[in-house]
Amino acid sequence: MNHNLQVIIEQDKDGYYAFVPELKGCHTQGDSMEEVMKHIKEAIDLYLSTLRPAEIKRILKKRIYTTSMPVNFG
């Protein structure tokens, strides 16, 4: 059964950094968007392979919401 996890990707001068808020400590980096997406998929698969079914069930119940908010840079 497929489930969606949030993946946050940030770009800086050194490339891309990705992490999964639902999976504490699940993060990676890459030189391109394609590379970081490949790496985060591998990191998620490895992370989930270490969990017991009850832990996976708890994670899948967690909801992460993202939004944007305007701010004034004085």
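The values are calculated or read from the model by the stated rules, or taken from the named source; none is laboratory data. Note that the structure is predicted; figures quoted are calculated from it, not measured. Glycine gets a Cβ as well: all are built from the backbone with ideal geometry, and neighbour counts include every protein chain shown. We work out accessible area using only protein heavy atoms, side chains counted, and drop any ligands, DNA or RNA first. Shrake-Rupley method; radii C 1.70, N 1.55, O 1.52, S 1.80 Å.
Looking only at the range 15-47, which residues are open to solvent by 20 Å² or more (accessible area, probe 1.4 Å), assigned to a helix (DSSP H, G or I) and closer than 18 Å to residue 60 by Cβ?
41, 43, 44, 45, 46, 47
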Pair list, Cβ < 6 Å and 6+ apart or interchain, from the range 14-37 residues that are within 15 Å of residue 48 (Cβ to Cβ) to residues that are of a type in the set (Gly, Ala, Ser) and open to solvent by less than 10 Å² (accessible area, probe 1.4 Å):
28/18
Of those in the range 1-11 that are more than 10 Å from the chain's Cα centre (by Cα) and modelled with pLDDT of 95 or more, the residue least open to solvent (accessible area, probe 1.4 Å) is 10
Whichever residue in the range 49-69 is part of a helix (DSSP H, G or I) and in contact with an Asp or Glu (Cβ under 9 Å, 6 or more places away or on another chain) and, among such residues, is most open to solvent (accessible area, probe 1.4 Å):
60
